[in-house]
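Remarks on the structure that follows.
All of the numbers you see were taken from the coordinates with simple rules; none came from a lab. Fair warning: this is a prediction, and the values are worked out from it, not measured in the lab. We place every Cβ from the backbone using ideal geometry, glycine too, and count neighbours over all the protein chains shown.
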């Protein structure tokens, strides 16, 4: 069973789930965001990256997570379509800094 | 004559994908036989692959020191190569796929000339985010929108009674490609400031805007006096908003010609 990219999936959830975004914003406002994110399964470095509100740090944390998982697990591409696919990430913030993620199966 | 086998859909997924992606765009991505991506963060790239694992990035074609136009031509060749193979191709771009997107317009144009079905589906652009987040109505006062280098090179005129939006103020006169996460050309920014100072006073407030790309982040909004623009927090992705300095007067003669009993005024003018 492949490990889920927790940070990446959590950011996707924040993108599409208004209730989750509301809870996240409340934790941000209450200065409890790191604890809140730990409850969502993020590790301390990932939570710190999000707390920083710095897109570069968040992008870096996402890349690190995807790299680590791809190195650890042989994953069926149908199950986790990112893995096993040569991916070029342009990060951060579209300044065309290329970071080639060749995720291996 | 029926269209040839092979088709092209060019789709914009907004600045914050997947939050700003549309249903029709997502549908095209899912059903495509080949997806090419031109997105700016790993979250968007990951999300695309959850929709369609036949996704390949076009971003490997960029490299430092390479003329961007050469890169764009290679993108068109790669896209059209897949269309000519008879595949249903979807190209996914961040923002609006028709804004500052030569290779995407060119691909649609060539596909149609060669008899393939081709379409472009709108996405949310940086300008759309700017209108929403800065509270700007482009219809109120009108709005001119220029790419910054083009604005300077062609000596486009400023209308101080209207809104002005300048794209790519951090990459003025840059034909290539850099890794720096700041303005690529500060000298160009200084030239732009000088030109704007021919119309606007030095203390005229302008706004540097960069829409948030990630759901946990805020958009970057910096308000500075025009004179301070060269030192402001401009990056390669920044857009500059210059608000009106004056209100354009109403022409009474035109008002009569149009049969208006009372001149049309904006809500702001009516309140004042």
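Odds and ends about this structure:
- Among beta bridges that DSSP assigns inside region B:7-124, antiparallel share in %, nearest 5: 5 percent
- Computed over chain B, the P(r) tail beyond 28 angstrom holds 45 percent of alpha carbon pairs.
- Longest to shortest principal axis, alpha-carbon extents of region B:18-125, angstrom: 35, 31, 24
- With a simple spin-label model that places each label point 7 Å from the Cα along the Cα-to-Cβ direction, the separation between residue B:24 and residue B:84 comes to 3.0 nm.
- Taking Cα atoms only, the orientation of helix B:68-84 departs from the longest principal axis of chain B by about 40 degrees.
- With Cα atoms, 0 to 90° folded angle of helix B:186-196 axis to chain B main axis: 40 degrees
- Shape category assigned to region B:191-266 from the gyration tensor of Cα positions, a/c cut at 1.5: oblate
- Inter-label distance for residue B:187 and residue A:44, nm, one decimal - labels placed 7 Å from Cα along Cα-to-Cβ: 4.8 nm
- Among B:211, B:126, B:19, residue whose mean-square fluctuation peaks in a GNM of chain B (springs only between Cα atoms under 10 Å): B:19
- Helix B:42-51 axis versus longest C-alpha principal axis of chain B: approximately 50°, rounded to the nearest ten.
- Note on residue A:3 and residue A:35: with the Förster distance fixed at 30 Å, the Cβ-Cβ geometry gives a FRET efficiency of about 0.85.
- Average partner coverage of B:46-59, which counts Cβ from other chains inside 10 Å: 6
- The calculated FRET efficiency for the pair residue B:261 and residue B:227, based on their C-beta separation and a Förster distance of 41 Å, comes to about 0.40.
- Going from the fewest other Cβ atoms within 10 Å to the most, the residues B:77, A:54 appear in the order B:77, A:54.
- Among A:68, B:78, the ranking by other beta carbons within 10 Å of each residue's beta carbon, starting with the fewest, stands as A:68, B:78.
- Residue of B:125, B:107, B:57 that the Gaussian network model of chain B assigns the largest fluctuation, springs spanning Cα pairs under 10 Å: B:57
- Average beta-carbon neighbours from other chains, 10 Å sphere, peptide B:204-216: 4
- If R0 is taken as 25 Å, the Cβ-Cβ distance between residue B:50 and residue B:100 corresponds to a FRET efficiency of 0.40.
- Residue exposure sequence - B:167, B:47 - by fewest surrounding Cβ within 10 Å: B:167, B:47
- For the pair region B:202-236 / region B:90-140, the C-alpha centres are spaced 23 Å from each other.
- Rounded to whole Å, sorted largest first: equivalent-ellipsoid semi-axes of region B:112-242, Cα gyration tensor: 25, 18, 18
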